[in-house]
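Peer 1: Please see the structure below; I have some questions.
The values are calculated or read from the model by the stated rules, or taken from the named source; none is laboratory data. Model, not experiment: these values are computed from the prediction. Cβ coordinates were reconstructed from backbone atoms using ideal geometry, including for glycine residues, and neighbour counts include every protein chain displayed. SASA here: full protein model, heavy atoms, side chains in, ligands and nucleic acids out. Shrake-Rupley method; radii C 1.70, N 1.55, O 1.52, S 1.80 Å.
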Amino acid sequence: MTHLRFALIGAGRIGQVHARTIAAHPAATLTLVCDPVVAAAESVAGTYGARACTDAADVFAAEDVDAVVIGSPTPLHVEHILAAVSAGKPALCEKPVAMQLADAEELQRRLAELDDVPVMLGFNRRFDPSFARARALVEEGAIGPLEQLTIISRDPAAPPKAYLAQSGGIFKDMTIHDFDTARFFLGDVAEVSATGQHLDPELADSGDYDGAVIVLRSASGAAATIINSRHCATGYDQRLEAFGPQGAILADNQRPTTLQVSTREASDAKAPYLDFFLERYADAYRDELTAFIDALTQGHPVSPTIADGVEALRIAEAAGESARTGATVRL
Ligand SMILES: NC(=O)c1ccc[n+]([C@@H]2O[C@H](COP(=O)([O-])OP(=O)(O)OC[C@H]3O[C@@H](n4cnc5c(N)ncnc54)[C@H](O)[C@@H]3O)[C@@H](O)[C@H]2O)c1
């Protein structure tokens, strides 16, 4: 197939990003947009000349839909992936794959019994040009065997409380990206130890951690340290360092310009970091969906897969257990 007709399920923050990429891609058309909030479905559909619907069943039954992008809330991912695959429609689904590891593993079992329809998981950071280049350099041996990976990932501010309530908690919602990035660099993870923090008074009644520090060890002995916060006064803080015996590779924060301003008050002051995930990872979201389209139109396997989603969720649940008990969890 050389041209794909897409449906979008969930026309919220991330769905709108994917709609834009689909509409701009020469091998793709956005045909149908589904969201139970009629205004949301109609607004995105209207922008790109697509039809709107409010029931995902209409997407799976539509004859003019070849593939779907799932940007619905996390508790609906398993149901939407299964329905897409049962209808023979390849799917790109947002992270995390499910709220619970057991549900993700059950999904994996069910998918194995169905026809082999490609399902890709939205770990967009694998497609960030800087992270992807850093990983390629590590694979090429530029710094020797990887010994330590440090990931700093802090949000400028917490998401709305309604979003948090159905997010699965910080490890499954936020750190899941970093768990996948760690696996991308380190391979399989053998040990997890985590500390969760309750420091933000605004999130005190959320029942969730608002900060976390996690250490992962791979089977080879390499370690990844992940540092998260739901609030960061300096903005969306996204850094990564890979360290080995022959050197280090740093992916630093990105800014809209490279200007450095020196005045009486400050020397070498730079513009603030790119605002939040929609800006910082704009290239990654585009390249992720482009990779999905390329895989489908050229007949390559998709990556990352549901299995990657399951493994990241396994680490997330282990991190939750470690933060609760204070013990290191072996996988
Ligand atoms: N990869 C990333 O960087 C990234 C960033 C943000 C969100 N996400 C993930 O994307 C998903 C959505 O997050 P969001 O921030 O866009 O949330 P959102 O609340 O902005 O959007 C979700 C949309 O789904 C709609 N929806 C609810 N029930 C539905 C149903 N049955 N069928 C179709 N649509 C339905 C809602 O009305 C809403 O418009 C979450 O799983 C989240 O973890 C990923």
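Peer 1: How much of the accessible area of segment 4-117, in percent, comes from carbon and sulfur atoms when a 1.4 Å probe is used?
Peer 2: C and S atoms contribute 50 percent here.
Peer 1: With only Lys, Arg, Asp and Glu charged, each at its Cβ (+1 for the first two, -1 for the last two), find how big the charge dipole of the chain is about the Cα centre; round to the nearest 20 debye.
Peer 2: Dipole size: approximately 540 debye.
Peer 1: Can you tell me what share of the DSSP beta bridges in the chain is antiparallel? A percent to the nearest 5 is fine.
Peer 2: Roughly 55 percent of the beta bridges in the chain run antiparallel, per DSSP.
Peer 1: By a straight-distance test (C-alpha under 24 Å), which lysines pair with K172 as possible cross-link partners, with residues fewer than eight away in the same chain excluded?
Peer 2: K95, K161
Peer 1: Residue farthest toward the positive end of the dipole of the chain, with Cβ of Lys/Arg at +1 and Asp/Glu at -1: which of A91, S229, G141?
Peer 2: Sorting the options by dipole projection puts first G141.
Peer 1: Mind jotting down the three principal axis lengths of the chain based on Cα atoms? Whole angstrom, largest first.
Peer 2: Here the spans come out as 57, 51, 47 Å, largest first.
Peer 1: In debye to the nearest 20, how big a dipole does segment 4-117 give about its Cα centre with +1 on each Lys and Arg Cβ and -1 on each Asp and Glu Cβ?
Peer 2: Details: 8 positive and 15 negative charges, 89 e Å.
So the magnitude is around 420 debye.
Peer 1: Here is a follow-up. With no solvent and one equal point scatterer per Cα, compute the Debye intensity ratio I(q)/I(0) for segment 36-110 at 0.14, 0.21, 0.24 Å⁻¹ and report its log10, rounded to two decimals.
Peer 2: Debye output, listed in q order: -0.47, -0.97, -1.18.
Peer 1: Working out 0.36 nm times the residue gap between M1 and E79, then minus their Cα-Cα distance, what length gain in nm do you get to one decimal?
Peer 2: Separation in residues times 0.36 nm, less the Cα-Cα distance, equals 25.5 nm.
Peer 1: Accessible area per residue of segment 4-117 at 1.4 Å probe, in Å²?
Peer 2: Details: 4760 Å² over 114 residues.
Here the residues of segment 4-117 average 42 Å² of exposed surface.
Peer 1: Taking the alpha-carbon distance from K89 and a cut-off under 14 Å, which aspartates and glutamates remain once sequence neighbours fewer than 8 residues away in the same chain are dropped?
Peer 2: Counting by Cα, and skipping residues close in sequence, K89 has these aspartates and glutamates nearby: D58, E63, D64, D66, E79, D115, D116.
Peer 1: Given the -39500 (n - 2.57) contribution per DSSP H run of 4+ residues, what per-residue ellipticity at 222 nm results for the chain, rounded to the nearest 500 deg cm²/dmol?
Peer 2: -11500 deg cm²/dmol
Peer 1: Efficiency by 1/(1 + (r/R0)^6): what FRET value for S262 and L331, r their Cβ-Cβ distance, R0 = 51 Å, to the nearest 0.05? Please list the in-between numbers first.
Peer 2: On the way: r = 49 Å, r/R0 = 0.97.
E(calc), rounded to 0.05, equals 0.55.
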